[in-house]
Every structure is written in structure tokens, then in C-alpha cells.
2 protein chains.
Amino acid sequence: MAMRPELLKGHVDALLLAVLEPGPQHGYAVIESLRAGSNGTLDLPTGTVYPALHRLERAGLIGSDWETVGGRRRRTYHLTTAGRAALGEHRALWDEFSIAVSALLGGGTKPAPA
Amino acid sequence: MAMRPELLKGHVDALLLAVLEPGPQHGYAVIESLRAGSNGTLDLPTGTVYPALHRLERAGLIGSDWETVGGRRRRTYHLTTAGRAALGEHRALWDEFSIAVSALLGGGTKPAPA
DNA sequence: TCACAATACTTTGCGACGCTACATATGGAG
DNA sequence: CTCCATATGTAGCGTCGCAAAGTATTGTGA
């Protein structure tokens, strides 16, 4: 929860899709990927991630398969074609949004992506 | 509404405070400043901005004064000391947040600085 | 003169969604 | 045997952006 309020509103979908882009992952792993990939900043609770994954599946952006590993049932999610397209749109939207906000907030430091 | 969904969730306060930082403005002017300062990307409806300004005033982050210009009543808002402090926190939060999201969304194009 | 746009502010109510809290189940470490 | 990490799930709450509708004044064009 390193982020105070829910600044995430509306951005969670994009993040989940992005995390699944390199390859399928199950919910718990997704949460860890988000934490790792954001250097600990984004530590989303299960009550946020699982419902969001269900939502994305209902929307047809991801698909899921159950599997059992070491006696534990896990549900592995993967991007669909529509999901890949949606991710592209989310990225474009994020760029536009972040540029606009950064411009208005002014003096703030700029993100230095890879 | 150039932004489709409400990606703004949680970021509106920061934007309003930032717009008021250079000097007092009334609500209608705030909306235009946001549009101008974001190159047209952020075109917030009155139903978003006015309630948000009331909220910020209740929270003690801004203050307001009524004035009449050319027969029109307008309410001019200005930052309080607490508002200035809050703006600083919002900026820090935005930096952290945007860096994290940009890192996760990866390959996306980089924001072009002012 | 009359209609309409722009300026300027307000409020009701809906809907979306992140989060807290709680519930369930297994495997491994101490 | 207990505790923690792994792994998934749901109910309910609260926040807040937004559409929509309303009020009032000034300026403009037909």
C-alpha cells in the first residue's frame, strides 16, 4: 500500500495487463511482480487484484487455466488478443495522461524510463 | 473529457492546488487553466471541479473570496499554507507513482519534458 | 427585440472501483 | 503443533469523477 490513496483508480487494469504481457502468471505471482517491478511502491492487496483479474476475464482481455502445483491450486492467467490490444491503448492513454499531469504539476522531477 | 475513464481519481486535488499556486483564480478560470496547461488533454467538467474546490476548502487547503466583476459574481480561490504543504506532498506522491507505473508499463514512449 | 452563446456557479444522484476485513485451504519450518 | 508463506475468494464500504439539470448575467448576431 505504499501509495496512500487510491491514485490507482483506473490504472490497475493497465498494470495487470502489462505484467501478464511477458507470459502467463497466477494471481499471487502477479501481486509479487507488481511489487518487484515497481521497486516496492505498488503493493496491491488481494482484495484489489483478484476482483480486478475476474473483471478482466469477464471483459475477455485475459483467460485463465486452473492447475495444481505441489498440492496447491492456482489459477494461471494469460493475455488474449483483445487484451494485447487493450494494453496498447492503455499505454497510449497513460503517456498522454502522465505528460499532462507532469506538465501541470510543474517543477517535479521527470520519470527516467529505461 | 479527452481522458476516457476517470483516470484522474485521486489526482484532481493535486492538479487544482498546482493551478492555484502561481496566484488566485476563480473556478471557471481554473478549468480553463487546466485545459490550457495540459494542451487540451485535461478538460474537466464543472461537475468535477466545483465540488472538488468545495472539498479542498472544507479541508482547509484553499480559501475563497466572493467578488463581482462586470455584474458577474465569482468566487476566487487561493492556496492556504496547508494547501502549499499538501501540494508538495502530492508532487512527491505523483513522482513516485508515475515512475512506478511507467516502469511497469515498460516499453511505452517517454514523456516529453516541458 | 429575441435568441443564443459564453461566463459563472451549484447540486443531485449514479456508477465505478480500490480497499478493509474476513473466510478458506495447503505445505513447510520451527 | 503452531505459525507463516502460499494461494484464492467475497461482502460491504467509502470515495469521488461525472452526467445532467438548474440559476443568473453579459454580450452578440440576426
B:Y28-A:T68 pseudo-label distance in nm [points 7 Å out on the Cα-to-Cβ vector]: 6.9 nm
For A:I62, the residues 5 or more places away or on another chain with a placed amide H closer than 5 Å to its own amide H are A:E57, A:T80
Pull up all non-local amide H partners of A:Q25: gap of 5 or more, or a different chain, and H-to-H distance under 5 Å with H placed in the peptide plane. A:Y77
If I fit a long axis through the Cα atoms of helix B:27-37 and take the longest principal axis of the Cα atoms of chain B, what angle between them do I get, 0 to 90°, rounded to 10? 30 degrees
About its Cα centre, how strong a charge dipole does the protein assembly as shown have in debye, to the nearest 20, once Lys and Arg get +1 and Asp and Glu get -1 at the Cβ? 300 debye
Could you state, as a whole-number percent, how many of the C-alpha pairs of region A:12-103 are farther apart than 15 Å? 61 percent
Using a simple charge model, +1 on the beta-carbon of Lys and Arg, -1 on the beta-carbon of Asp and Glu, nothing else, what dipole does chain A show about its Cα centre, in debye to the nearest 20? 240 debye
Quick check on the protein assembly as shown: take the gyration tensor over C-alpha atoms, sort the square-rooted eigenvalues as a ≥ b ≥ c, and tell me if it's rounded (a/c under 1.5), prolate or oblate. prolate
Once phi is turned into ³J(HN,Hα) by the Karplus curve 6.51 cos²θ - 1.76 cosθ + 1.60 with θ = phi - 60°, what whole-Hz value does each residue of region A:49-61 show in order, with x for glycine and proline? 6, 4, x, 5, 5, 4, 4, 5, 5, 4, 7, x, 8
I'd like the Karplus ³J(HN,Hα) series for region B:10-17: coefficients 6.51, -1.76, 1.60, θ = phi - 60°, whole numbers in Hz, and an x wherever there's a Gly or Pro. x, 9, 4, 4, 4, 5, 5, 4
Any idea what the B:Y50 label distances to the other copies are, label 7 Å down the Cα→Cβ vector, nm, shortest first? 4.3
Under-5 Å amide H pairs with B:D43, H placed in peptide plane, nonlocal only: B:A2, B:M3
Helical contribution to [θ] at 222 nm, DSSP H n ≥ 4, -39,500 (n - 2.57), averaged over chain B, rounded to 500: -16500 deg cm²/dmol
Got the relative contact order for chain A handy, in percent, Cα pairs under 8 Å and 6 or more residues apart? 26 percent
Is any residue of region B:48-83 close enough, with backbone N under 12 Å, to a label point placed 7 angstrom from the Cα of A:K9 along the Cα-Cβ axis, and if so, which? B:48-49, B:52
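Since every read-out is calculated from the coordinates, none of them should be taken as a lab result. Since the structure is predicted, the reported quantities are computational estimates derived from the model, not experimental observations. Positions of Cβ are generated from backbone atoms using ideal geometry, with glycine treated the same way; all protein chains shown enter the neighbour counts.
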